[in-house]
Amino acid sequence: MMPQPTGRLVRKDDGVYLVLDRMFKAPIEEVWTFFSRSPRLAEWLGEYKGTGSTGAVKFRMTVDGDDNDWQDVSVMECSAPHRLHADVGGADASHRMFVHLREASGHTTVTVGRRLRSLVEEADSGPRWDYYLDRLVAVHDHKPLPEWSSYSPAMTEHYRTLCRELDRDLRSEHTAARSGTAG
């Protein structure tokens, strides 16, 4: 069965976020290690060095097998094992990210959000994040890793449509606000 796109766009005070959820039959502390321990993070996404408690670390994507450059990470909030908010990348190309974990009835829900700098230019990040989080589920559950080819281009149009629709709505709201009418 082909994976299905799971992301949604959420408007927040500081922009539009691509938001995705995954559920694990595991305690929150166990799932948190996949975000807070570099060896666990490296199993599905990338590696980091530094100490998060200082607010600054370096991160490098390893999921695609390339030797990517280390990126600066500014940790803005880390409330283990529930919340992590960070800016990833250099000042001109940084991405605001968040990870929220909630546990109930022996299950932990992970919600990951990535702020989009441009709806039009960044629609393609949706399939990537579905892929990354499905890799996390596979690693956690000791299953085979998914194939990237199942995500792109198959999911791309879904995310582009979401972005186009929200962009149209935002433009309509902006036009209505400028003309003094309610949308």
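When the range 77-97 is examined, which residues are found to be in contact (Cβ under 8 Å) with a residue 24 or more places away in the chain, in a strand (DSSP E or B) and of a type in the set (A, V, I, L, M, F, W, C)? Write out each step before concluding.
Of the range 77-97, the ones in contact (Cβ under 8 Å) with a residue 24 or more places away in the chain are 78, 80-82, 84, 88, 96.
Adding the requirement that they be in a strand (DSSP E or B) leaves 78, 84, 88, 96.
Matches in the range 77-97: Cys78, Leu84, Val88.
What tally of residues in the range 10-31 results from selecting those that are open to solvent by less than 40 Å² (accessible area, probe 1.4 Å) and within 15 Å of the chain's Cα centre (by Cα)? Show your work before the answer.
Within the range 10-31, the subset open to solvent by less than 40 Å² (accessible area, probe 1.4 Å) is 15-20, 22, 24, 26, 28, 31.
If we keep only those that are within 15 Å of the chain's Cα centre (by Cα) as well, we get 15-20, 22.
Qualifying residue count, the range 10-31: 7.
Tally time: how many residues in the range 4-53 are modelled with pLDDT of 95 or more and part of a loop (DSSP other than H, G, I, E, B)?
Final tally of qualifying residues: 10.
Which residue pairs have Cβ atoms under 8 Å apart, sit 6 or more places apart or on different chains, and have a first residue in the range 119-145 that is closer than 20 Å to Ile28 by Cα and a second that is surrounded by fewer than 19 Cβ atoms within 10 Å (Cβ to Cβ) and among the small types (Gly, Ala, Ser)?
His140/Ala26
Quick one: would you say Arg102 is free of Cβ contacts under 8 Å to residues at least 24 places away in the same chain and more than 14 Å from Tyr17 (Cα to Cα)? First the steps, then the outcome.
Values: free of Cβ contacts under 8 Å to residues at least 24 places away in the same chain: no; more than 14 Å from Tyr17 (Cα to Cα): yes.
In short, no.
Considering only residues that are among the basic types (Lys, Arg) and loosely packed, with under 15 Cβ neighbours inside 10 Å, which ones fall in the range 146-171? Quick ask: steps written out before the conclusion?
At the first step, the residues of the range 146-171 found to be among the basic types (Lys, Arg) are 160, 164, 168, 171.
Across the range 146-171, the qualifying residues are Arg164, Arg168, Arg171.
If you go through the range 125-137 one residue at a time, do you hit one that is aliphatic (A, V, I, L, M), surrounded by fewer than 13 Cβ atoms within 10 Å (Cβ to Cβ) and either out of contact with any strand residue (DSSP E or B) (no Cβ under 7 Å at 6 or more places or on another chain) or under 23 Å from Met61 (Cα atoms) (or both)? Lay out the reasoning, then the answer.
We begin by selecting, within the range 125-137, every residue aliphatic (A, V, I, L, M); these are 133, 136-137.
Now narrow it down to the ones that are surrounded by fewer than 13 Cβ atoms within 10 Å (Cβ to Cβ): none.
No - not one qualifying residue is present in the range 125-137.
The values are calculated or read from the model by the stated rules, or taken from the named source; none is laboratory data. The model shown is predicted, which means the values in this text are computed figures rather than measured ones. FYI the Cβ positions are ideal-geometry reconstructions off the backbone, even for glycines, and counts take in every protein chain you see. In case anyone asks, the SASA skips ligands and DNA or RNA and just uses the protein heavy atoms, side chains included. Shrake-Rupley method; radii C 1.70, N 1.55, O 1.52, S 1.80 Å.
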